Amino acid sequence: MKSIRRPLNNVYDYFNLVAQAFAGIVKKPYYFSEVLRQMENIGVQSLPIVLLTSTFVGMILAYQSGFAMAVFGAKMYIGTLVSISLVRELGPVLASVVVAGRIGAGTAAEIGSMLVTEQIDALRAMGTDPMKKLVSTRLLAGMIMIPVLVIIADMMGILGGGFIAYATFGLAPPFFKKTVIEALVIEDLVMSILKALFFSILIITLGCYSGLNVEGGTSGVGHATTRAVVLSIVFILITDYFLTVVLLKLLPGLSF
Amino acid sequence: MISLKNISKSFDGSRVLEKLTVEIRTGETFVIMGKSGCGKSVMLKIILRLLIPDEGSIFIDGVDTTNFDEDAMMPFRRKIGMLFQGAALFDSMNVWQNLAFPLFEHTETPEDEIADKIAELLSFVGLDGSQDKMPSELSGGMKKRVALARAMITEPSYVFFDEPTTGLDPVTSGKINDLIIRTRERFGVTSIVVTHDLVSAMKVGTRFAFIDDGKIAFEGTRSELLSSSNPELREFLKDAEWQDRY
Ligand SMILES: Nc1ncnc2c1ncn2[C@@H]1O[C@H](COP(=O)(O)OP(=O)(O)O)[C@@H](O)[C@H]1O
Ligand SMILES: [Mg+2]
């Protein structure tokens, strides 16, 4: 009985944290400068790695699909396939996975070490709510910056795909651009942003939850960091499946 | 005055404090000793309600704060400055920001007034001009002194020192002991000092207690402490002397 109660308690604690983190965003005092600091950390500092990975993902996608499509004489549709797969799936998922590696780990490590060095107790002893100061600020920053990163990733991926379509398959850039524009509808972008929003909540709250539940002193911080990243990636993929199913039903403009 | 009545606290089924009752009188420096892991830090955190006791009640200046929530606890937390065992300075902030933090959070104090206050307190702890240093640039003893300055910035009437000299060399420990005494003299605070450093205890304490088996096993003056017949306390004193000699 005890073995089942513990994971259930953890799930309860986690959802409690998520609820408190959202409540903390709207409740005064507002920590604007802390939110800005986190936006810079989450957004600006993740930009290089997101740019790099998303460009290559677009290139790989165009390369792989190009050869397959050439078999059916359909290589002029590379732009269609690349843009739809990127905007709906690979952009949000891969950018979020990359950000989970950086930010999920960093958050868990920073908050975990604050916990073991009693800085969290010190905050509370001074009458500051650590949930607001540490978790809500990061959540707000993540919910703003991760969707922005995902849109940038979508665009870079399409550019990378366009480059390969031209360099390897000889598709003229204006033609590629035309197929991309014809393929994408506003609902694709909505799907991309909604996914990014859900994934940002997962990354930040799982990172904070792992950090706040470090056990066994300093060595526990390492475990918490790993756990934050693994949990984020697993739940990004699981959530992605359900979001895809639901959004394809809810957004009628999306068609294949 | 702070009083704890029949406080019990367990973690995952293991008892740490069991019906602990104690009273800290206004103006004294109350030293609490005990083996490491006996629940000294837990007791301080229970008073601040950073930990919630399983049973018993807590009175701060006559008010029963046992069931207070975070908001209700606020004015009582502000009466208490806490110097944590590892100093607990915020390592993303410099010394100035660490000291200003409690004032920025809860007061409208103008910035030049905050700056004056910080300069004065840093001078009091002997760290003039270190406003711009980051915690990582400070030695263990300096961190504790900055943490004391931060604890004092809201002008508390109580200061809790959690193992203020643990891990410090004898010279630095001596400076911290002096500071504890000067803090009482200059600001008139009531202090609780948790320690297992007997030299420090003897130097700063005005009254003493020994925690054993989750309870206060001894409480009294310096001479009562030294002549106590409690076997656990005698053994603790013997070990402490042994440590000092080598
Ligand atoms: N937040 C906590 N969660 C679980 N166990 C704790 C917690 N805080 C303290 N303990 C346990 O309570 C006991 C007493 O701890 P503490 O008061 O820190 O000892 P000390 O007297 O050395 O200050 C230890 O066994 C410690 O592991
Ligand atoms: Mg302790």
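Which FRET efficiency value, to the nearest 0.05, is calculated for B:Glu235 and A:His223 with the Förster distance at 41 angstrom and r the Cβ-Cβ distance?
The pair B:Glu235/A:His223 has a calculated efficiency of 0.65.
How much net charge surrounds A:Val97 when only other residues with a Cβ under 13 Å from its Cβ are counted (Lys, Arg +1; Asp, Glu -1)?
After counting each charged neighbour, the total is 0.
Are there any GluC sites (Glu not before Pro) in segment A:147-256 that are in a DSSP loop and have at most 15 other Cβ atoms within 10 Å? List them by number.
In loop regions of segment A:147-256 (DSSP not H, G, I, E or B), the sparsely surrounded GluC sites (Glu not before Pro) are A:Glu215.
With Cβ to Cβ distances under 15 Å as the rule, what net charge do the other residues near A:Ala141 carry (K, R +1; D, E -1)?
Cβ neighbours under 15 Å give a net charge of +2.
Where both partners of a DSSP beta bridge lie in the protein assembly as shown, what percent of those bridges are antiparallel, to the nearest 5?
Bridges in the protein assembly as shown that DSSP calls antiparallel: roughly 55 percent.
Less than 13 Å Cβ to Cβ from B:Met142, Lys/Arg counted +1 and Asp/Glu -1: what total charge do the surrounding residues give?
Result for the local shell: +3.
Please arrange A:Met131, A:Met114 by counting, for each residue, the other beta carbons lying within 10 Å of its beta carbon, fewest first.
Final ranking by Cβ density, sparse to dense: A:Met131, A:Met114.
Taking the dipole about the Cα centre of segment A:29-250, with the C-beta of Lys and Arg at +1 and of Asp and Glu at -1, give me whichever of A:Phe175, A:Val185, A:Leu231 is farthest to the positive side.
A:Phe175
What is the Cα convex hull volume of segment A:1-69 when expressed per residue in Å³?
Per-residue hull volume (Cα only) is 191 Å³.
Would you mind working out the magnitude of the charge dipole of segment B:91-155 relative to its Cα centre, with +1 at each Lys and Arg C-beta and -1 at each Asp and Glu C-beta, to the nearest 20 Debye?
460 debye
For B:Leu121, A:Leu250, B:Leu20, which order do you get if you count the other beta carbons within 10 Å of each Cβ and list the fewest first?
The order, fewest Cβ neighbours first, is A:Leu250, B:Leu121, B:Leu20.
Going toward the positive end of the dipole of segment B:91-155, with +1 on Lys and Arg Cβ and -1 on Asp and Glu Cβ, which of B:Asn94, B:Ser123, B:Gly141 do you reach last?
B:Gly141
Ignore the peptide's own chain and count Cβ atoms of other chains within 10 Å of each Cβ in A:115-121; give me the average, rounded.
Partner-chain Cβ atoms within 10 Å, mean over residues of A:115-121: 6.
Just how many % of Cα pairs in chain B lie over 28 Å apart, if you round to the nearest whole percent?
Value for chain B: 33 percent of Cα pairs lie more than 28 Å apart.
Restricting to DSSP H runs of at least four residues, report the calculated mean residue ellipticity at 222 nm for chain A, -39500 (n - 2.57) per run over all residues, nearest 500 deg cm²/dmol.
-26500 deg cm²/dmol
How far apart, in nm, are the 7 Å Cα→Cβ label points at A:Leu250 and B:Ser92?
Those two pseudo-labels are separated by 3.1 nm.
When the helices in chain B are scored as -39500 (n - 2.57) per DSSP H run of 4 or longer and the sum is shared across all residues, what 222 nm value do you end up with, to the nearest 500 deg cm²/dmol?
-12500 deg cm²/dmol
Counting other Cβ atoms within 10 Å of each Cβ, which chymotrypsin sites (Phe, Trp or Tyr not before Pro) in segment A:1-87 have at most 14 and sit in a DSSP loop?
Here the chymotrypsin sites (Phe, Trp or Tyr not before Pro) that fit, given the DSSP loop and packing criteria, are A:Phe72.
Distance check, please: which entries in A:Lys133/B:Lys19; A:Lys27/B:Lys79; A:Lys27/B:Lys143; A:Lys133/B:Lys143; A:Lys27/B:Lys133 exceed 29 angstrom between their Cα atoms?
From the list (A:Lys133/B:Lys19; A:Lys27/B:Lys79; A:Lys27/B:Lys143; A:Lys133/B:Lys143; A:Lys27/B:Lys133), the Cα-Cα distance tops 29 Å for A:Lys133/B:Lys19; A:Lys27/B:Lys143; A:Lys27/B:Lys133.
Taken together, the values in this text are just the output of simple stated rules run on the coordinates, not laboratory data. The model shown is predicted, which means the values in this text are computed figures rather than measured ones. Neighbour counts are summed over all protein chains in view; Cβ atoms, including those assigned to glycine, are modelled from backbone coordinates with ideal geometry.
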